[in-house]
1. Using θ = phi - 60° and the Karplus curve 6.51 cos²θ - 1.76 cosθ + 1.60, what whole-Hz ³J(HN,Hα) does each residue of the stretch 37-44 get, with Gly and Pro shown as x?
2. What are the equivalent ellipsoid semi-axes of the chain, built from the alpha-carbon gyration tensor (square roots of five times its eigenvalues), in whole angstrom, biggest first?
3. How large is the dipole of the stretch 3-81 about the Cα centre if only Lys and Arg carry +1 and Asp and Glu carry -1, each at its Cβ, rounded to the nearest 20 debye?
4. With an 8 Å cut-off on Cα pairs and a minimum separation of 6 or more residues, tell me the relative contact order of the chain in percent.
5. Enumerate the residues in the stretch 28-42 having an amide nitrogen under 17 Å from the point lying 7 Å beyond the Cα of Asn14 toward its Cβ.
6. Arrange the peptides 63-72, 26-35 so that the one whose residues have, on average, the most other Cβ atoms within 10 Å appears first.
Amino acid sequence: MTEAQIEALDEPENWAGVFDDRTRAVLELADAMCSESQDIGTELNHRLRGHFREVELAELILVVGQANLNNRAGNAAKQLLGDPR
């Protein structure tokens, strides 16, 4: 990743100027899966299906889901098992 891409990750409104359509769709999938509503939406669904085969979508879902689980478990572990100070 370039420095500009790394910096743009925090601001979804900047993704269009830095990432191609395919990568933006994956970032939006990750963002949607990790949000409270977890609604992927019809438009994103169509864009993802335009870029990826079904088996690739399944892999993306598993990778994003695993990363989300790891982050949430890590956050809980820090709060419950970390230094109580």
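Here, each number is a calculation from the coordinates, and none is a lab measurement. Everything numeric in this text was worked out from a predicted model, so none of it was measured. Note that we place each Cβ from the backbone using ideal geometry, even for glycine, and neighbour counts take in every protein chain shown.
1. In residue order, the calculated couplings are 7, 6, 8, 6, x, 5, 5, 5 Hz.
2. On the way: eigenvalues 145, 62, 25 Å².
So the equivalent ellipsoid measures 27, 18, 11 Å along its semi-axes.
3. On the way: 7 positive and 15 negative charges, 76 e Å.
Dipole magnitude for the stretch 3-81 comes out near 360 debye.
4. Working: 31 pairs, mean separation 16.0, N = 85.
Once normalised by length, the contact order is 19 percent.
5. 28
6. Working: 63-72: 12.2, 26-35: 15.8.
Order by mean packing, descending: 26-35, 63-72.
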